[in-house]
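Below you'll find the structure, written out as C-alpha coordinates, and then a few comments.
The values are calculated or read from the model by the stated rules, or taken from the named source; none is laboratory data. From a predicted model like this one, the values you see are computed outputs, not experimental measurements. Cβ: placed from backbone, ideal geometry, glycine included. Neighbour counts: every protein chain shown. Heavy atoms of the whole protein, side chains included, go into the accessibility calculation; ligands, DNA and RNA do not. Shrake-Rupley method; radii C 1.70, N 1.55, O 1.52, S 1.80 Å.
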Amino acid sequence: MNPLKLVGFKTKHLPRAYVNSSVRFHHEFSTQERLQAAKKAGWNVFQFPSEMLKGGDLLSDSGTGTLTAKQMAAMILGDEAYGSNYGYFKLLKTFEDTFGIANADSEIYFFHQCRAAEHALFTQIGGFGNSLKIPSNGHFDTTRANIENNKIKAIDFFSKKLHSPDHSTFKGNMDIDELEKLLKSDLDNIPLVYITITNNSGGGQPVSMENLQAVRKICDKYHKTFFFDACRFAENAWFIKKYEPKYKNKLITEIVTEAFKLCDGFTISLKKDGLANMGGALLIKKSAPVLKKHPELLNNLRDHQILTEGHPTYGGLTGRDIMTIVEGLKTVITESYLDSRIGQVHEFGRYLKERKVPVLEPFGGHAVYIDTDKFFADTKLKRGDFAGISLTALLLLKGVRLCELGAFAFGEDYPHNFVRCAIPRNKYEIQDLYYVADCVAEMYQQRKKIPKAIPVFGRNLTLRHFKARFELK
Ligand code: F0G
(Lines give C-alpha, C1' and ligand atoms only; values in the text may rest on other atoms or scores of the structure.)
Protein backbone atom coordinates (compact mmCIF):
# COMPACT_ATOMS: atom_id res chain seq x y z
CA MET A 1 0.00 0.00 0.00
CA ASN A 2 1.38 3.38 -1.01
CA PRO A 3 -0.11 5.87 1.45
CA LEU A 4 0.76 8.80 -0.82
CA LYS A 5 -1.24 7.27 -3.69
CA LEU A 6 -4.23 6.79 -1.42
CA VAL A 7 -4.39 10.46 -0.55
CA GLY A 8 -3.56 11.74 -4.05
CA PHE A 9 -7.16 12.93 -4.59
CA LYS A 10 -8.24 16.54 -5.07
CA THR A 11 -10.90 18.05 -2.81
CA LYS A 12 -13.70 20.48 -3.63
CA HIS A 13 -12.76 22.82 -0.81
CA LEU A 14 -9.33 24.00 0.25
CA PRO A 15 -8.41 25.18 3.73
CA ARG A 16 -7.66 28.85 4.34
CA ALA A 17 -4.00 29.85 4.64
CA TYR A 18 -4.52 30.54 8.35
CA VAL A 19 -6.54 29.73 11.45
CA ASN A 20 -8.18 32.15 13.85
CA SER A 21 -6.08 32.95 16.86
CA SER A 22 -8.53 35.44 18.35
CA VAL A 23 -12.20 36.09 17.66
CA ARG A 24 -14.74 38.74 18.60
CA PHE A 25 -18.38 37.86 19.11
CA HIS A 26 -21.15 39.98 17.64
CA HIS A 27 -23.61 41.75 19.90
CA GLU A 28 -27.25 41.02 19.13
CA PHE A 29 -29.49 43.73 17.68
CA SER A 30 -33.04 43.54 16.37
CA THR A 31 -34.08 44.76 12.93
CA GLN A 32 -36.11 47.46 14.67
CA GLU A 33 -33.01 48.73 16.47
CA ARG A 34 -31.12 48.77 13.18
CA LEU A 35 -33.96 50.68 11.53
CA GLN A 36 -33.81 53.37 14.19
CA ALA A 37 -30.05 53.64 13.83
CA ALA A 38 -30.25 53.78 10.02
CA LYS A 39 -32.79 56.61 10.17
CA LYS A 40 -30.65 58.45 12.69
CA ALA A 41 -27.71 58.03 10.27
CA GLY A 42 -29.79 59.50 7.41
CA TRP A 43 -29.37 56.10 5.70
CA ASN A 44 -25.72 56.98 5.10
CA VAL A 45 -23.72 53.78 5.45
CA PHE A 46 -20.66 55.64 6.75
CA GLN A 47 -22.70 56.96 9.69
CA PHE A 48 -24.17 53.59 10.70
CA PRO A 49 -22.65 52.02 13.86
CA SER A 50 -20.43 49.11 12.88
CA GLU A 51 -21.34 47.32 16.11
CA MET A 52 -24.76 46.64 14.58
CA LEU A 53 -23.35 44.82 11.55
CA LYS A 54 -23.29 41.09 11.49
CA GLY A 55 -21.17 38.97 9.26
CA GLY A 56 -20.58 41.45 6.52
CA ASP A 57 -19.08 44.88 6.91
CA LEU A 58 -17.86 45.16 3.33
CA LEU A 59 -17.71 48.96 3.32
CA SER A 60 -13.96 48.92 2.74
CA ASP A 61 -10.94 46.64 2.66
CA SER A 62 -8.85 49.52 3.97
CA GLY A 63 -7.38 49.16 7.45
CA THR A 64 -10.16 46.71 8.29
CA GLY A 65 -8.13 43.50 8.20
CA THR A 66 -7.40 41.24 11.14
CA LEU A 67 -3.78 41.40 12.25
CA THR A 68 -1.79 38.20 12.21
CA ALA A 69 -0.35 36.80 15.43
CA LYS A 70 3.09 37.81 14.13
CA GLN A 71 1.91 41.38 13.71
CA MET A 72 0.45 41.43 17.22
CA ALA A 73 3.71 40.07 18.59
CA ALA A 74 5.73 42.61 16.61
CA MET A 75 3.60 45.43 18.02
CA ILE A 76 5.00 44.71 21.45
CA LEU A 77 8.41 45.60 20.04
CA GLY A 78 7.03 48.90 18.76
CA ASP A 79 9.39 51.65 19.86
CA GLU A 80 7.72 54.98 20.55
CA ALA A 81 10.91 57.02 20.42
CA TYR A 82 10.55 60.47 18.85
CA GLY A 83 13.52 60.02 16.54
CA SER A 84 14.86 56.99 14.67
CA ASN A 85 12.79 54.35 16.44
CA TYR A 86 13.70 50.66 16.23
CA GLY A 87 10.98 49.83 13.68
CA TYR A 88 11.90 52.66 11.29
CA PHE A 89 15.09 50.89 10.20
CA LYS A 90 13.22 47.61 9.84
CA LEU A 91 10.60 49.36 7.71
CA LEU A 92 13.25 50.89 5.43
CA LYS A 93 14.82 47.45 4.95
CA THR A 94 11.40 45.86 4.33
CA PHE A 95 10.61 48.46 1.66
CA GLU A 96 13.93 47.67 -0.01
CA ASP A 97 13.27 43.90 0.13
CA THR A 98 9.63 44.15 -0.96
CA PHE A 99 9.87 46.62 -3.82
CA GLY A 100 13.48 46.01 -4.83
CA ILE A 101 14.31 49.72 -4.71
CA ALA A 102 17.51 50.47 -2.80
CA ASN A 103 17.05 52.97 0.04
CA ALA A 104 20.12 54.79 -1.27
CA ASP A 105 18.40 55.37 -4.63
CA SER A 106 15.18 56.83 -3.25
CA GLU A 107 13.55 59.16 -0.75
CA ILE A 108 10.82 57.60 1.38
CA TYR A 109 8.21 59.60 3.26
CA PHE A 110 5.91 57.88 5.76
CA PHE A 111 2.42 59.23 6.45
CA HIS A 112 -0.49 58.13 8.60
CA GLN A 113 -2.38 57.13 5.48
CA CYS A 114 -2.11 57.38 1.73
CA ARG A 115 -4.27 60.48 1.31
CA ALA A 116 -1.80 62.41 3.47
CA ALA A 117 0.94 61.31 1.06
CA GLU A 118 -1.25 62.38 -1.86
CA HIS A 119 -1.92 65.70 -0.17
CA ALA A 120 1.81 66.32 0.23
CA LEU A 121 2.66 65.32 -3.33
CA PHE A 122 -0.12 67.17 -5.14
CA THR A 123 0.24 70.31 -3.01
CA GLN A 124 3.83 70.53 -4.25
CA ILE A 125 3.04 69.57 -7.83
CA GLY A 126 0.17 72.06 -7.95
CA GLY A 127 2.81 74.78 -7.77
CA PHE A 128 4.46 73.63 -11.01
CA GLY A 129 2.00 75.35 -13.36
CA ASN A 130 -1.52 76.57 -14.10
CA SER A 131 -3.20 74.14 -16.48
CA LEU A 132 -1.80 70.86 -15.21
CA LYS A 133 -3.36 67.46 -15.86
CA ILE A 134 -2.60 64.07 -14.33
CA PRO A 135 -3.75 61.09 -16.38
CA SER A 136 -4.42 57.69 -14.83
CA ASN A 137 -6.05 54.35 -15.57
CA GLY A 138 -8.56 55.42 -12.86
CA HIS A 139 -7.96 57.80 -9.97
CA PHE A 140 -9.34 56.75 -6.59
CA ASP A 141 -11.73 59.29 -5.02
CA THR A 142 -9.29 60.74 -2.48
CA THR A 143 -6.51 60.84 -5.08
CA ARG A 144 -8.80 62.73 -7.46
CA ALA A 145 -9.90 65.07 -4.66
CA ASN A 146 -6.31 65.82 -3.65
CA ILE A 147 -5.34 66.45 -7.28
CA GLU A 148 -8.33 68.68 -8.01
CA ASN A 149 -7.98 70.53 -4.73
CA ASN A 150 -4.68 71.78 -6.14
CA LYS A 151 -6.30 72.96 -9.37
CA ILE A 152 -4.89 70.07 -11.38
CA LYS A 153 -7.23 68.15 -13.69
CA ALA A 154 -7.50 64.43 -12.87
CA ILE A 155 -8.11 62.42 -16.04
CA ASP A 156 -9.20 58.76 -16.19
CA PHE A 157 -8.24 56.63 -19.15
CA PHE A 158 -10.12 53.47 -18.20
CA SER A 159 -9.66 50.41 -20.39
CA LYS A 160 -12.30 50.33 -23.13
CA LYS A 161 -12.74 46.65 -22.30
CA LEU A 162 -13.95 47.29 -18.75
CA HIS A 163 -17.61 46.74 -19.52
CA SER A 164 -17.17 44.32 -22.41
CA PRO A 165 -18.54 40.85 -21.87
CA ASP A 166 -15.32 39.18 -23.06
CA HIS A 167 -13.94 38.75 -19.53
CA SER A 168 -10.48 39.95 -20.55
CA THR A 169 -8.27 39.46 -17.60
CA PHE A 170 -6.60 42.87 -17.35
CA LYS A 171 -9.51 45.25 -17.48
CA GLY A 172 -7.64 47.60 -15.13
CA ASN A 173 -5.17 48.54 -17.87
CA MET A 174 -4.68 52.12 -18.94
CA ASP A 175 -5.91 53.07 -22.38
CA ILE A 176 -2.48 53.88 -23.81
CA ASP A 177 -3.79 55.33 -27.07
CA GLU A 178 -5.63 57.99 -25.07
CA LEU A 179 -2.53 58.58 -22.95
CA GLU A 180 -0.34 59.13 -25.99
CA LYS A 181 -2.94 61.43 -27.55
CA LEU A 182 -2.94 63.59 -24.42
CA LEU A 183 0.85 63.69 -24.22
CA LYS A 184 1.09 64.72 -27.87
CA SER A 185 -1.41 67.53 -27.47
CA ASP A 186 -0.53 68.81 -24.00
CA LEU A 187 3.03 67.71 -23.30
CA ASP A 188 4.14 70.57 -21.06
CA ASN A 189 1.14 70.37 -18.74
CA ILE A 190 1.56 66.75 -17.65
CA PRO A 191 3.76 66.59 -14.53
CA LEU A 192 3.07 62.90 -13.84
CA VAL A 193 1.44 59.82 -15.27
CA TYR A 194 -0.27 57.67 -12.62
CA ILE A 195 -1.41 54.07 -12.67
CA THR A 196 -3.47 52.47 -9.92
CA ILE A 197 -2.71 48.81 -9.18
CA THR A 198 -5.25 47.25 -8.90
CA ASN A 199 -7.75 49.69 -10.38
CA ASN A 200 -10.12 50.37 -7.49
CA SER A 201 -12.35 52.88 -9.31
CA GLY A 202 -12.49 50.54 -12.29
CA GLY A 203 -13.91 47.41 -10.72
CA GLY A 204 -10.82 46.38 -8.74
CA GLN A 205 -9.38 45.05 -11.98
CA PRO A 206 -5.68 44.26 -12.37
CA VAL A 207 -3.12 45.90 -14.64
CA SER A 208 -0.85 43.66 -16.72
CA MET A 209 2.92 43.86 -16.72
CA GLU A 210 2.62 44.42 -20.46
CA ASN A 211 0.51 47.55 -19.84
CA LEU A 212 2.92 48.82 -17.17
CA GLN A 213 5.77 48.34 -19.64
CA ALA A 214 3.85 50.11 -22.39
CA VAL A 215 3.15 53.12 -20.15
CA ARG A 216 6.83 53.20 -19.15
CA LYS A 217 7.83 53.24 -22.81
CA ILE A 218 5.50 56.14 -23.56
CA CYS A 219 6.75 58.03 -20.50
CA ASP A 220 10.34 57.51 -21.67
CA LYS A 221 9.46 58.76 -25.13
CA TYR A 222 7.96 61.97 -23.74
CA HIS A 223 10.35 62.27 -20.74
CA LYS A 224 7.54 61.95 -18.22
CA THR A 225 7.55 60.76 -14.63
CA PHE A 226 5.58 57.57 -14.01
CA PHE A 227 4.04 56.88 -10.60
CA PHE A 228 2.08 53.94 -9.20
CA ASP A 229 -0.79 54.18 -6.78
CA ALA A 230 0.41 50.91 -5.33
CA CYS A 231 -2.21 50.20 -2.64
CA ARG A 232 -2.91 46.64 -3.84
CA PHE A 233 0.41 45.82 -5.48
CA ALA A 234 0.62 42.23 -4.22
CA GLU A 235 -2.90 41.35 -5.37
CA ASN A 236 -2.01 42.85 -8.77
CA ALA A 237 1.15 40.70 -8.92
CA TRP A 238 -0.97 37.59 -8.20
CA PHE A 239 -3.09 38.33 -11.30
CA ILE A 240 0.05 38.83 -13.40
CA LYS A 241 1.31 35.43 -12.25
CA LYS A 242 -2.01 33.74 -12.98
CA TYR A 243 -2.86 35.33 -16.30
CA GLU A 244 0.28 36.56 -18.01
CA PRO A 245 1.90 33.37 -19.29
CA LYS A 246 5.47 34.69 -19.06
CA TYR A 247 5.10 35.07 -15.29
CA LYS A 248 3.58 31.66 -14.53
CA ASN A 249 6.70 30.31 -12.89
CA LYS A 250 7.91 33.51 -11.24
CA LEU A 251 7.66 34.19 -7.53
CA ILE A 252 5.28 36.98 -6.48
CA THR A 253 8.25 38.86 -5.07
CA GLU A 254 10.04 38.67 -8.44
CA ILE A 255 6.96 40.04 -10.19
CA VAL A 256 6.66 42.86 -7.67
CA THR A 257 10.28 43.93 -8.04
CA GLU A 258 10.07 43.73 -11.84
CA ALA A 259 6.97 45.95 -11.81
CA PHE A 260 8.50 48.50 -9.46
CA LYS A 261 11.58 48.82 -11.69
CA LEU A 262 9.21 50.47 -14.16
CA CYS A 263 8.02 53.35 -11.98
CA ASP A 264 9.74 56.54 -10.85
CA GLY A 265 7.96 56.47 -7.54
CA PHE A 266 4.73 55.53 -5.84
CA THR A 267 2.17 56.37 -3.22
CA ILE A 268 0.80 53.53 -1.14
CA SER A 269 -1.85 52.99 1.49
CA LEU A 270 -0.38 50.40 3.84
CA LYS A 271 -3.94 49.79 5.07
CA LYS A 272 -4.47 47.52 2.07
CA ASP A 273 -1.53 45.36 1.01
CA GLY A 274 0.51 46.53 3.99
CA LEU A 275 -2.01 44.41 5.97
CA ALA A 276 -1.94 47.12 8.62
CA ASN A 277 -4.70 49.14 10.24
CA MET A 278 -2.97 52.45 9.54
CA GLY A 279 -0.15 53.72 7.35
CA GLY A 280 0.81 55.32 4.08
CA ALA A 281 3.96 56.23 2.20
CA LEU A 282 5.40 58.11 -0.73
CA LEU A 283 8.58 56.93 -2.41
CA ILE A 284 10.44 58.88 -5.10
CA LYS A 285 13.41 57.46 -6.95
CA LYS A 286 16.27 59.91 -7.19
CA SER A 287 16.31 59.21 -10.94
CA ALA A 288 12.71 60.48 -11.42
CA PRO A 289 12.58 62.89 -14.40
CA VAL A 290 10.49 65.38 -12.41
CA LEU A 291 13.48 66.04 -10.14
CA LYS A 292 15.58 67.38 -13.01
CA LYS A 293 13.30 70.37 -13.38
CA HIS A 294 12.19 70.50 -9.75
CA PRO A 295 15.08 69.36 -7.52
CA GLU A 296 13.49 71.31 -4.65
CA LEU A 297 10.59 68.82 -4.58
CA LEU A 298 12.32 66.37 -2.22
CA ASN A 299 13.09 68.95 0.44
CA ASN A 300 9.68 70.61 0.10
CA LEU A 301 8.00 67.24 0.63
CA ARG A 302 10.15 66.66 3.69
CA ASP A 303 9.06 70.02 5.10
CA HIS A 304 5.43 69.23 4.34
CA GLN A 305 5.79 65.92 6.15
CA ILE A 306 7.40 67.52 9.21
CA LEU A 307 4.75 70.27 9.33
CA THR A 308 1.77 67.96 9.03
CA GLU A 309 2.82 64.50 10.26
CA GLY A 310 5.95 64.41 12.35
CA HIS A 311 9.61 63.62 12.22
CA PRO A 312 10.60 61.79 9.02
CA THR A 313 11.57 58.69 10.99
CA TYR A 314 8.00 58.03 12.10
CA GLY A 315 5.84 59.99 9.64
CA GLY A 316 2.33 59.94 11.10
CA LEU A 317 2.81 56.49 12.54
CA THR A 318 3.20 55.06 16.01
CA GLY A 319 6.06 52.65 16.61
CA ARG A 320 3.44 49.92 16.92
CA ASP A 321 1.89 50.74 13.53
CA ILE A 322 5.34 50.60 11.98
CA MET A 323 5.95 47.09 13.32
CA THR A 324 2.62 45.81 11.96
CA ILE A 325 3.56 47.14 8.51
CA VAL A 326 6.97 45.47 8.62
CA GLU A 327 5.33 42.09 9.28
CA GLY A 328 2.37 42.77 6.97
CA LEU A 329 4.57 43.42 3.94
CA LYS A 330 6.35 40.12 4.51
CA THR A 331 3.09 38.16 4.65
CA VAL A 332 1.30 39.86 1.79
CA ILE A 333 3.70 38.61 -0.88
CA THR A 334 3.38 34.94 0.09
CA GLU A 335 1.52 32.83 -2.40
CA SER A 336 -0.51 30.89 0.15
CA TYR A 337 -1.86 34.13 1.58
CA LEU A 338 -2.75 35.56 -1.84
CA ASP A 339 -4.33 32.30 -3.08
CA SER A 340 -6.48 32.21 0.02
CA ARG A 341 -7.33 35.92 -0.06
CA ILE A 342 -8.25 36.27 -3.71
CA GLY A 343 -9.75 32.76 -3.76
CA GLN A 344 -12.21 33.89 -1.10
CA VAL A 345 -13.15 37.05 -3.02
CA HIS A 346 -13.73 34.98 -6.15
CA GLU A 347 -15.80 32.32 -4.38
CA PHE A 348 -18.02 35.10 -3.03
CA GLY A 349 -18.35 36.50 -6.56
CA ARG A 350 -19.15 33.10 -8.02
CA TYR A 351 -21.88 32.55 -5.42
CA LEU A 352 -23.44 35.97 -6.16
CA LYS A 353 -23.35 35.26 -9.88
CA GLU A 354 -24.94 31.85 -9.38
CA ARG A 355 -27.82 33.73 -7.75
CA LYS A 356 -28.12 35.89 -10.89
CA VAL A 357 -26.92 39.10 -9.24
CA PRO A 358 -25.30 41.21 -12.02
CA VAL A 359 -21.63 41.55 -11.08
CA LEU A 360 -18.62 42.84 -12.97
CA GLU A 361 -16.50 40.00 -14.35
CA PRO A 362 -13.88 38.83 -13.99
CA PHE A 363 -13.86 39.50 -10.27
CA GLY A 364 -11.28 41.89 -8.90
CA GLY A 365 -8.69 41.22 -6.23
CA HIS A 366 -10.19 42.93 -3.20
CA ALA A 367 -13.86 43.30 -4.02
CA VAL A 368 -16.79 42.19 -6.08
CA TYR A 369 -18.61 45.03 -7.84
CA ILE A 370 -22.37 44.86 -8.35
CA ASP A 371 -23.36 46.56 -11.61
CA THR A 372 -26.08 48.89 -10.35
CA ASP A 373 -27.35 49.84 -13.83
CA LYS A 374 -27.89 46.17 -14.69
CA PHE A 375 -29.30 45.37 -11.24
CA PHE A 376 -32.11 47.90 -11.74
CA ALA A 377 -32.31 47.68 -15.56
CA ASP A 378 -35.87 46.32 -15.64
CA THR A 379 -37.22 48.67 -12.95
CA LYS A 380 -38.43 52.26 -13.18
CA LEU A 381 -35.38 53.52 -11.31
CA LYS A 382 -32.99 55.78 -13.20
CA ARG A 383 -29.43 56.79 -12.28
CA GLY A 384 -30.70 60.00 -10.68
CA ASP A 385 -32.86 57.95 -8.29
CA PHE A 386 -29.66 56.68 -6.66
CA ALA A 387 -30.96 53.15 -6.29
CA GLY A 388 -27.47 51.96 -5.38
CA ILE A 389 -27.80 54.08 -2.23
CA SER A 390 -31.22 52.53 -1.51
CA LEU A 391 -29.77 49.04 -1.88
CA THR A 392 -26.91 49.73 0.53
CA ALA A 393 -29.28 51.52 2.93
CA LEU A 394 -31.77 48.66 3.12
CA LEU A 395 -29.03 46.05 3.57
CA LEU A 396 -28.02 47.80 6.80
CA LEU A 397 -31.21 46.39 8.30
CA LYS A 398 -29.82 42.88 7.69
CA GLY A 399 -26.53 43.84 9.34
CA VAL A 400 -24.74 44.06 5.98
CA ARG A 401 -22.78 47.10 4.81
CA LEU A 402 -21.69 47.68 1.20
CA CYS A 403 -20.50 50.88 -0.49
CA GLU A 404 -22.06 52.78 -3.37
CA LEU A 405 -19.31 53.84 -5.77
CA GLY A 406 -21.31 55.14 -8.70
CA ALA A 407 -24.01 57.63 -9.60
CA PHE A 408 -24.14 59.19 -6.15
CA ALA A 409 -20.48 59.02 -5.09
CA PHE A 410 -19.08 60.21 -8.42
CA GLY A 411 -22.05 61.79 -10.21
CA GLU A 412 -24.68 60.60 -12.63
CA ASP A 413 -22.37 60.95 -15.65
CA TYR A 414 -19.58 58.80 -14.21
CA PRO A 415 -18.74 55.96 -16.62
CA HIS A 416 -19.57 53.23 -14.08
CA ASN A 417 -22.30 52.74 -11.54
CA PHE A 418 -21.19 50.21 -8.96
CA VAL A 419 -22.05 49.01 -5.49
CA ARG A 420 -18.82 47.58 -4.13
CA CYS A 421 -18.50 44.62 -1.79
CA ALA A 422 -14.92 45.06 -0.49
CA ILE A 423 -13.64 42.13 1.52
CA PRO A 424 -11.48 42.90 4.57
CA ARG A 425 -8.31 40.82 4.74
CA ASN A 426 -8.08 37.79 7.04
CA LYS A 427 -11.35 38.75 8.74
CA TYR A 428 -14.34 36.82 7.48
CA GLU A 429 -15.05 33.17 6.80
CA ILE A 430 -16.79 32.28 3.57
CA GLN A 431 -19.99 31.57 5.51
CA ASP A 432 -20.19 35.26 6.42
CA LEU A 433 -19.84 36.18 2.76
CA TYR A 434 -22.48 33.64 1.71
CA TYR A 435 -24.80 35.41 4.15
CA VAL A 436 -24.06 38.77 2.51
CA ALA A 437 -24.63 37.25 -0.93
CA ASP A 438 -27.93 35.67 0.17
CA CYS A 439 -29.12 39.09 1.38
CA VAL A 440 -28.06 40.79 -1.87
CA ALA A 441 -29.69 38.03 -3.96
CA GLU A 442 -32.93 38.42 -2.00
CA MET A 443 -32.88 42.18 -2.62
CA TYR A 444 -32.33 41.43 -6.31
CA GLN A 445 -35.49 39.34 -6.33
CA GLN A 446 -37.31 42.32 -4.82
CA ARG A 447 -35.62 44.99 -6.96
CA LYS A 448 -38.88 46.32 -8.38
CA LYS A 449 -40.01 47.23 -4.86
CA ILE A 450 -36.80 49.09 -3.92
CA PRO A 451 -37.50 52.83 -3.45
CA LYS A 452 -35.58 55.86 -4.67
CA ALA A 453 -32.98 57.45 -2.37
CA ILE A 454 -33.65 61.15 -2.10
CA PRO A 455 -30.74 63.22 -0.80
CA VAL A 456 -32.20 65.58 1.80
CA PHE A 457 -28.82 66.95 2.81
CA GLY A 458 -25.51 67.34 1.00
CA ARG A 459 -26.55 66.75 -2.60
CA ASN A 460 -24.35 69.59 -3.84
CA LEU A 461 -21.46 69.20 -1.43
CA THR A 462 -18.01 68.02 -2.52
CA LEU A 463 -17.27 64.39 -1.52
CA ARG A 464 -20.98 64.15 -0.88
CA HIS A 465 -21.16 60.39 -0.35
CA PHE A 466 -19.40 60.75 2.99
CA LYS A 467 -21.73 63.46 4.27
CA ALA A 468 -25.17 63.20 2.67
CA ARG A 469 -28.42 62.16 4.35
CA PHE A 470 -31.26 60.45 2.52
CA GLU A 471 -34.90 59.54 2.68
CA LEU A 472 -36.13 56.39 0.98
CA LYS A 473 -39.30 57.03 -1.00
N1 F0G B 1 -5.60 54.93 -3.59
C2 F0G B 1 -6.43 53.89 -3.72
C3 F0G B 1 -6.45 53.10 -4.98
C4 F0G B 1 -7.29 53.56 -2.67
O5 F0G B 1 -8.11 52.52 -2.81
C6 F0G B 1 -7.26 54.33 -1.48
C7 F0G B 1 -8.16 54.04 -0.38
C8 F0G B 1 -6.35 55.39 -1.39
C9 F0G B 1 -5.52 55.66 -2.46
C10 F0G B 1 -6.25 56.23 -0.15
O11 F0G B 1 -5.67 55.51 0.87
O12 F0G B 1 -7.28 55.42 2.76
O13 F0G B 1 -4.84 55.18 3.16
O14 F0G B 1 -5.79 57.36 2.55
N15 F0G B 1 -9.16 53.33 -0.50
C16 F0G B 1 -10.11 52.95 0.53
C17 F0G B 1 -11.24 52.17 -0.11
C18 F0G B 1 -10.55 54.03 1.41
O19 F0G B 1 -12.24 51.91 0.58
O20 F0G B 1 -11.13 51.77 -1.26
P21 F0G B 1 -5.91 55.88 2.42
By average C-beta atoms within 10 angstrom, highest first, the peptides 191-203, 148-160: 191-203, 148-160
query: For Asp79, what is the net charge nearby, where nearby means another residue's Cβ is under 11 Å from its Cβ and Lys, Arg count +1, Asp, Glu -1?
result: +1
- request: Would you mind giving the three semi-axes, in whole Å and largest first, of the ellipsoid equivalent to the range 195-300 according to its Cα gyration tensor?
  value: 24, 18, 12
statement: Cα extents of the range 254-336 along the principal axes, largest first, in whole Å, come to 44, 31, 15
statement: Dividing the mean separation of Cα pairs under 8 Å (6+ apart) by the residue count of the chain yields a relative contact order in percent of 23 percent
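Around Leu297, with a cut-off of 14 angstrom between Cβ atoms, what is the net charge of the other residues, counting Lys and Arg +1 and Asp and Glu -1?
Combined, the nearby Lys, Arg, Asp and Glu give +1.
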- line: Straight-line reach check, Lys54, cutoff 18 Å on alpha carbons, 8 or more apart in-chain or any other chain, hits among aspartates and glutamates -> Glu28, Glu33, Glu429, Asp432, Asp438, Glu442
- line: Asserting the computed 222 nm helical MRE of the chain (DSSP H runs at least 4 long, -39500 (n - 2.57) per run, divided by residue count, to nearest 500) equals -11500 deg cm²/dmol
query: Percent of accessible area on the chain owned by carbon and sulfur, 1.4 Å probe?
result: 54 percent
- request: Please report, in debye to the nearest 20, how large the charge dipole of the chain is about its Cα centre when each Lys and Arg carries +1 at its beta carbon and each Asp and Glu carries -1 there.
  value: 1020 debye
- prompt: Based on the alpha-carbon gyration tensor of the range 70-332 and its eigenvalue square roots a ≥ b ≥ c, which shape applies: rounded if a/c is under 1.5, prolate if not and a/b is larger than b/c, or oblate?
  reply: oblate
query: What does a probe at Asn149 reach in the range 449-466, counting residues whose amide N is under 12 Å from the point 7 Å along Cα→Cβ?
result: 463
- prompt: By its C-alpha gyration tensor, with a ≥ b ≥ c as the square roots of the eigenvalues, how is the range 2-108 shaped: rounded for a/c under 1.5, else prolate for a/b larger than b/c, else oblate?
  reply: oblate
statement: Violations at 22 Å Cα threshold for listed pairs Lys246/Lys330; Lys427/Lys467; Lys90/Lys272; Lys353/Lys467; Lys12/Lys242 -> Lys246/Lys330; Lys427/Lys467; Lys353/Lys467
- prompt: Gap in Å between the Cα centre of the range 1-73 and the Cα centre of the range 363-381?
  reply: 22 Å
task: Largest first and to the nearest Å, give the Cα extent of the chain along each principal axis.
output: 68, 60, 46
